[in-house]
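Working notes, beginning with the structure itself.
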Amino acid sequence: MSSINTNTSAMNALSTLRNVNNSLNQTQDRISTGLKVSSGKDNAAYFAISETMKGESGMNKAVNESLTLAKNSVSTARLGAETVQDLAQQFVDRLAFAQNEGVDQESVQKELTALASEMKTALDQSGFNGQNLLTTAGIDDPANPGTARTEISFVSGVSRASDASLSTTSVSVGLTDLELLVGDPTGTNAGDNTTFANIEITNTSTPTELAASLSAAQGFLEDITAAATDLGIGEKSLENQQEFLTKLTDNLDSGVGAMVDANMEEEAARLQALQVQQQLASQSLSIANQAPQNILSLFR
């Protein structure tokens, strides 16, 4: 039956054209944004998961950046400790030389004083961004205010539990107050063998006193070596954690991309097909709209 009030063919053609136009708009949006899931209406599950993963990736990047500062601080301290260690070794060597009779003790003492001053200078210059990990007297232990801490912790990552709660992980670096071992070369407590700067020998020092000074200096050297080792281990741990965070962030970004990124090859092929469908649907609608004109021939 033909009707001038209801054109079923035109309605069907219009519905087809509308669907094609909607698909075409979606494809064009994907091509322009590069995303197949740009909001919750596209795919609620993928959108929720991808947003969570994006958040974790962002946190990891932020932690990685903060670890760069931490690593530089530890690296600077490690360099300073190794410098002090080298000077301390020279100090011990000169003291060992002074154990023999006939050595000009005053000349050796001048060398020892100069080495102690160089150690102090190296300590003072081993800070980074206002933080010097070799003089821990200025770094309080949070658990015991007013007490120098024996280690320092840096946040190394953020982990998410099954209940979606967040917690942080950390890397700890052992600290030793080298300032307490080196002492103050300008101080007045020379001769008590409690720091490098306080060790003093003369032409009147007895073999027993010389041996005690050497033993004390060797003990200080061992402590400095241990401190440099701890800092080296901490620096390596921070480097390893940064490398892990970089790989983890790459994996998270890759996972997000697999869920929400558009396949541009597929979208390009789909765009061409939809453009052809759009033209055909437009032509079908035009033909359907011309059908009522055929009814006029019945009244001629």
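The values are calculated or read from the model by the stated rules, or taken from the named source; none is laboratory data. Quantities reported herein were computed from a predicted structural model and do not represent experimental measurements. Please note: Cβ atoms are built from the backbone with ideal geometry, for glycine as well, and neighbour counts cover all protein chains shown. Just the protein is used for accessible areas: all its heavy atoms, side chains included, with ligands, DNA and RNA removed. Shrake-Rupley method; radii C 1.70, N 1.55, O 1.52, S 1.80 Å.
Annotations for the structure displayed:
- Stretching the chain fully between Glu106 and Asp42 yields a gain of 14.5 nm (0.36 nm per residue, less the alpha carbon separation).
- Dipole in debye (nearest 20) - the chain, about Cα centre, beta carbon charges: Lys, Arg +1; Asp, Glu -1: 2980
- Protein accessible area in the range 1-59, 1.4 Å probe - carbon and sulfur %: 50
- Label of the coordinate-derived value, Rg/Rh (Cα atoms, Kirkwood Rh), listed as (1) 0.92; (2) 1.47; (3) 0.99: (2)
- Among the protein heavy atoms of the range 179-300, carbon and sulfur supply 53% of the accessible surface, probe 1.4 Å, non-protein parts ignored.
- For the residue pairs Lys61/Lys120; Lys36/Lys71; Lys71/Lys247; Lys41/Lys247; Lys61/Lys236, alpha carbon separations beyond 29 Å are given by Lys61/Lys120; Lys36/Lys71; Lys41/Lys247.
- Each of Leu285, Ala268, Gly234 was scored by the projection of its Cα onto the charge dipole of the range 227-300, and the greatest displacement toward the positive side belongs to Leu285; charges sit on the C-beta of Lys, Arg, Asp and Glu.
- Between helix 105-124 and the chain: long-axis angle, C-alpha atoms, 0 to 90°, nearest 10: 20
- Average accessible surface for the chain: 57 Å² per residue, computed with a 1.4 Å probe over protein heavy atoms with every protein chain in place.
- Each peptide in 155-167, 203-215, 60-72 was scored by the mean count of other Cβ atoms within 10 Å over its residues; highest first, the order is 60-72, 203-215, 155-167.
- Amide H contacts of Ser156 (H built 1.01 Å from N, in plane; Pro and chain starts excluded): Thr169, Ser170, Val171 sit under 5 Å, all sequence-distant by 5 or more or on other chains.
- Positive-end residue, the range 150-200 charge dipole about Cα centroid, Cβ charges, pick of Val182, Ile199, Phe154: Phe154
- Ranked by the mean number of other Cβ atoms within 10 Å per residue, highest first, peptides 174-185, 261-272 order as 174-185, 261-272.
- Rg to Rh quotient for the range 1-156, alpha carbon positions, Kirkwood Rh: 1.56
- Leading residue at positive end of dipole, the range 1-135 (Cβ point charges), from Met53, Asn25, Thr76: Asn25
- Simple Cβ-charge dipole of the range 74-136, Lys/Arg +1 and Asp/Glu -1, about Cα centre, in debye nearest 20: 300
- Helix 44-97 and the long axis of the chain differ in direction by around 20°, with both axes built from C-alpha atoms.
- Angle between the chain longest axis and helix 8-33 axis [Cα atoms, degrees, rounded to 10]: 20
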